[in-house]
1. Filter segment 90-124 down to the residues that are part of a strand (DSSP E or B) and over 20 Å from Glu190 (Cα atoms), then identify the one that is least open to solvent (accessible area, probe 1.4 Å).
2. Yes or no: Trp212 open to solvent by 20 Å² or more (accessible area, probe 1.4 Å), modelled with pLDDT of 95 or more and under 23 Å from Arg71 (Cβ atoms)?
3. For residues that are over 11 Å from Leu154 (Cα atoms) and assigned to a helix (DSSP H, G or I), scanning just segment 55-71, find the one that is nearest to the chain's Cα centre (by Cα).
4. Looking at segment 130-143, which of its residues are in a loop (DSSP other than H, G, I, E, B) and closer than 22 Å to Val79 by Cβ?
5. What are the pairs, 6+ residues apart or on separate chains, where a residue within segment 163-189 that is in contact (Cβ under 8 Å) with a residue 12 or more places away in the chain and closer than 16 Å to Cys78 by Cβ has its Cβ under 7 Å from a residue that is open to solvent by 60 Å² or more (accessible area, probe 1.4 Å) and not in a helix (DSSP H, G or I)?
6. Is one or more of the residues making up segment 185-193 outside any helix (DSSP H, G or I), surrounded by 16 or more Cβ atoms within 10 Å (Cβ to Cβ) and not aromatic (Phe, Trp, Tyr)?
7. Please state which one of Val87, Val127 is outside any helix (DSSP H, G or I), open to solvent by 30 Å² or more (accessible area, probe 1.4 Å), over 18 Å from Trp149 (Cα atoms) and not acidic (Asp, Glu).
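The values are calculated or read from the model by the stated rules, or taken from the named source; none is laboratory data. This one's a predicted model, so the numbers in the text were calculated from it and none came from an experiment. Ideal geometry is used to build each Cβ from the backbone, glycine not excepted, and the neighbour counts take in all protein chains shown. Ligands, DNA and RNA are stripped out before the accessible areas are found, and what is left, the full protein with its side chains, is counted by its heavy atoms. Shrake-Rupley method; radii C 1.70, N 1.55, O 1.52, S 1.80 Å.
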Amino acid sequence: MRHLGRMVILLGATLAAAGCKSTKSAPEPAEPPATRAQAREAGTPLQPVSAFAGIADERQRSAALFVEAGRVITHPRCVNCHPADGVPRQGMDQRPHVPAVAGGPSGHGTPALPCTACHQERNTPLVGATVRSVPGNPKWALAPAEMAWVGVPLGKICEQLKDPARNGGKSLNALHHHMAEDVLVGWGWEPGAGLEPVPGTQRAFGELIRAWIDTGAVCPRS
């Protein structure tokens, strides 16, 4: 019975991820083909902190460090879980989630359709579906509305991240720990088959955030 229950869960995940379409239809890519610019961006590692040492003005260096870290923060893999309307996004084109779902008050879905109905504790490979895997993580959830990033310029996201009223009550040191160590943030580098990861590594990203904080946590203008 346990084995059967597991099969039912995985079947539900397959149908949900495929938008409840028949698997007899012609297979489609998990994400739209990336543009050449997107392909270059995805394949380029994050610049190390040392690359910004030549910027003499500390405030300018701080802002430049955040812009580089922003390549991760503004990547659809991260932004898709930071909507203002409670509706998660999917893919590099940030289309609304299929099937239609909502994060609910807690960000973990609604009682009728919790996120865990499809998203398990790890990425789930799929066979015979229109997508190659269903994302998974032990902390899978939407960010609250006050942490919305969809359509928000990087400078505004920066200001939000520094504001304890809009960042979950975190100090800058706690924010760095979240960015550098949190397993859900780390999922962005291992999103599963068929999904483009964010640039660089979580370690390099954390080092950029640490250097940004140490130079005054200055936000870019846009």
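1. Gly109
2. So Trp212 fails the test.
3. Step by step, filter segment 55-71, then rank; the result is Leu65.
4. Just the residues of segment 130-143 that are in a loop (DSSP other than H, G, I, E, B), to begin with: 130-132, 135-143.
Across segment 130-143, the qualifying residues are Val131, Arg132, Pro135, Gly136, Asn137, Pro138, Lys139, Trp140, Ala141, Leu142, Ala143.
5. Once the first residue is in contact (Cβ under 8 Å) with a residue 12 or more places away in the chain and closer than 16 Å to Cys78 by Cβ and sits in segment 163-189, its partners that are open to solvent by 60 Å² or more (accessible area, probe 1.4 Å) and not in a helix (DSSP H, G or I) give Val183/Pro138; Val183/Lys139; Leu184/Lys139; Trp189/Thr201.
6. yes
7. Details: Val87 fails: over 18 Å from Trp149 (Cα atoms).
Checking each option against the conditions leaves just Val127.
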